[in-house]
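K.L.:
Okay, handing you the structure first.
The values are calculated or read from the model by the stated rules, or taken from the named source; none is laboratory data. Fair warning: this is a prediction, and the values are worked out from it, not measured in the lab. Every residue, glycine as well, gets a Cβ built from its backbone with ideal geometry; the counts of neighbours run over all protein chains shown. Just so you know, the surface numbers come from the protein's heavy atoms only, side chains and all, with ligands and any DNA or RNA stripped out. Shrake-Rupley method; radii C 1.70, N 1.55, O 1.52, S 1.80 Å.
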Amino acid sequence: MDTLTSTLSLLNFYTPFPLLATEGETADSSFILVSVLLSLVVIYFASKLGGEICLRINLPPVLGELLGGVIIGVSALGLLVFPESGATASDSLLMKFLEVTSNINPESLQSVFSAQGEVISVLSELGVIILLFEIGLESDLKELIKVGPQAAIVAVVGVVVPFALGTVGLLYLFHLSVIPSVFAGAALTATSIGITAKVLSEIGRLTSSEGQIIIGAAVLDDILGIIVLAVVSSLAKTGEIQVINIVYLIISAATFLIGAILIGRLLSPFYVKLVDSMKTRGQLLLVSVIFAFVLSYIAQIIQLEAILGSFAAGLVLAETEKRKELEEQILPIADLFVPIFFVSVGAKTDLSVLNPAIPSNREGLIIAAFLIVVAIFGKVVTGFTLFGNPNLNKLAIGVGMIPRGEVGLVFAGVGSASGALSPATDAAIIMMVILTTFVAPPLLRIVFKEPVSTPQEAKS
């Protein structure tokens, strides 16, 4: 009997469904694994189908990934839904499929659903970290420094104008109270660097002057957005702004970015020597990813965004002789993880807030129409604040700053969780994020007037 038990225990270790499950945790872990695998199958299928369709009608593939996410998400099929939206296991078709095809009990199903959502969310965050690392590698640090003053102007204007117009408009036109108005105005300041950077890369404009200004401004927007979010969150919780937190964020952001780039450039010769001296497979990729993850960790731990750390790492390593080789090696990793991010953003988008037949949505629709106008105007105008360079495509710069994406959803989520936003205002912010996220990629193609030359370029 002891021999049989030992044998079965050994088989349990190597099989996805334990033959002798004496502990609920072991059984749940196997179900979590298969639920994540099912989710990834759906995500990859949606991303490729959507991307291929969009590419064939001359739209950015990233838009197809977002739309694919919407179709499989909470707005349509309900294949990929997340617990943070208030959904339960019974709302997920994947969980229902798992229940039908396995012997999982209903109590375990809910815990598996929660764990699966957390795993996909983590993989999504990892995807955007890798995306920004890849974008950093493709960017030119010298060009970013060169366009630094212009990027700073675009970023500041892109924060101040929509924030001021949105807040004042909600206060005096819609007579909202101060805190919801400030939160909605703050949500207008965001720029999704991930979405814009991916589109610029797809259309071959990432390294152009306009592309570098947009990327530089979007990075600064992320920093300014973090500061704005900290301020309005403090206002919502305490009713007063804590100046010391603002000062801390400004100093830590500036110190981190400048310090990471300067120290990284000093250490880059040692990085090259280390990689050249190693004989094992994947040495360049893994050493580089370690560097990117370390900077991402430091950025996150000092209350910045992890994506700023990975972007800084990419900028530093782009200055080394290993740049081209690393760009080639990071591509398949990006192809594996980045679609999870874009599909997840689409899957979490609830289009039911657009239904005017629901009375509670009507107020939100009116506020949303106002926010959408301010969101687009407040970013488009940024390009036209750059004087003295008639060769710049100023409209393209403004359009590149439009998408709010996951950054805008963070503002809406924090505001909703704090109780500062009414359902109508929360719905209005979500609708603004949806439209600006989906309208920017095709508009970028139009204003640049330069389609992708081949499908292979689009994939890269």
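K.L.:
Taking only region 246-305 into account, find how many residues are more than 23 Å from Leu131 (Cβ to Cβ), among the hydroxyl-bearing types (Ser, Thr, Tyr) and either open to solvent by less than 60 Å² (accessible area, probe 1.4 Å) or touching a helix residue (DSSP H, G or I) at 6+ places or on another chain (Cβ under 8 Å) (or both).
P.N.:
1
K.L.:
Starting from residues that are open to solvent by 10 Å² or more (accessible area, probe 1.4 Å) and more than 10 Å from the chain's Cα centre (by Cα), keep the ones in region 118-131 and report whichever is farthest from Ala334 (Cα to Cα).
P.N.:
Filtering region 118-131 for residues that are open to solvent by 10 Å² or more (accessible area, probe 1.4 Å) and more than 10 Å from the chain's Cα centre (by Cα), the one farthest from Ala334 (Cα to Cα) comes out as Glu118.
K.L.:
If you don't mind, there's one more thing I want to ask. Of all the helices (runs of 4 or more DSSP H) wholly in region 138-225, which have at least 1 residues that are under 17 Å from Ala440 (Cβ atoms) and among the hydrophobic types (A, V, I, L, M, F, W, C)? If you could, list the steps in order and put the result at the bottom.
P.N.:
Numbers: elements: 141-146, 148-172, 178-187, 193-202.
Passing ranges, in order: 148-172, 178-187, 193-202.
K.L.:
List pairs: first residue in region 364-376 and in contact (Cβ under 8 Å) with a residue 24 or more places away in the chain and within 13 Å of Ala187 (Cα to Cα), second residue open to solvent by less than 10 Å² (accessible area, probe 1.4 Å) and charged (D, E, K, R) anywhere in the structure, Cβ distance under 9 angstrom, at least six positions apart or on different chains.
P.N.:
Hits for this filter: Ala375/Arg404.
K.L.:
Please determine, by comparing only the residues of region 163-197 that are of a type in the set (A, V, I, L, M), open to solvent by 50 Å² or more (accessible area, probe 1.4 Å) and within 17 Å of Ala424 (Cβ to Cβ), which one is farthest from the chain's Cα centre (by Cα).
P.N.:
Pass one, region 163-197, residues of a type in the set (A, V, I, L, M): 164-165, 168, 170-171, 173, 176, 178-179, 182, 184, 186-188, 190, 193, 195, 197.
Restricting the remaining residues to those that are open to solvent by 50 Å² or more (accessible area, probe 1.4 Å) gives 165, 168, 173, 178-179.
Add one more test, that the residue is within 17 Å of Ala424 (Cβ to Cβ), and what stays is 173, 178-179.
Values: Leu173: 32, Val178: 28, Ile179: 26 Å.
Only one residue tops the list, namely Leu173.
K.L.:
Still on this structure, please answer the following. Can you tell me which residue in region 402-445 is modelled with the highest pLDDT, limited to those that are open to solvent by 20 Å² or more (accessible area, probe 1.4 Å) and among the small types (Gly, Ala, Ser)?
P.N.:
Ser422
K.L.:
Can you go through Arg323, Arg265, Arg281 and tell me which one is at pLDDT below 85 and farther than 30 Å from Gly86 by Cα? I'd like the intermediate steps shown before the answer.
P.N.:
Numbers: Arg323 fails: at pLDDT below 85; Arg281 fails: at pLDDT below 85.
So the residue among Arg323, Arg265, Arg281 that is at pLDDT below 85 and farther than 30 Å from Gly86 by Cα is Arg265.
K.L.:
Can you name the residue in region 28-45 that is open to solvent by less than 10 Å² (accessible area, probe 1.4 Å) and under 21 Å from the mean Cα position of the chain (by Cα) and is also nearest to Leu200 (Cα to Cα) among such residues?
P.N.:
Ile43
K.L.:
Shifting gears a bit: Restrict the check to region 356-366 and report whether at least one residue is open to solvent by 50 Å² or more (accessible area, probe 1.4 Å), part of a loop (DSSP other than H, G, I, E, B) and closer than 22 Å to Leu141 by Cβ. Give the derivation first.
P.N.:
From region 356-366, those open to solvent by 50 Å² or more (accessible area, probe 1.4 Å) are 356-360, 362-363, 366; that's our starting set.
Subset that is part of a loop (DSSP other than H, G, I, E, B): 356-358.
Narrowing the set further to residues that are closer than 22 Å to Leu141 by Cβ leaves none.
No, that holds for no residue.
K.L.:
Could we say that Glu134 is crowded, with 21+ Cβ neighbours inside 10 Å and among the charged types (D, E, K, R) here? Give the steps one after another, and end with the answer.
P.N.:
Numbers: crowded, with 21+ Cβ neighbours inside 10 Å: yes; among the charged types (D, E, K, R): yes.
Here the answer is yes, as Glu134 does meet what is asked.
K.L.:
Output the number of residues of region 367-409 satisfying the condition of being under 18 Å from Val161 (Cα atoms), over 24 Å from the mean Cα position of the chain (by Cα) and outside any helix (DSSP H, G or I).
P.N.:
4
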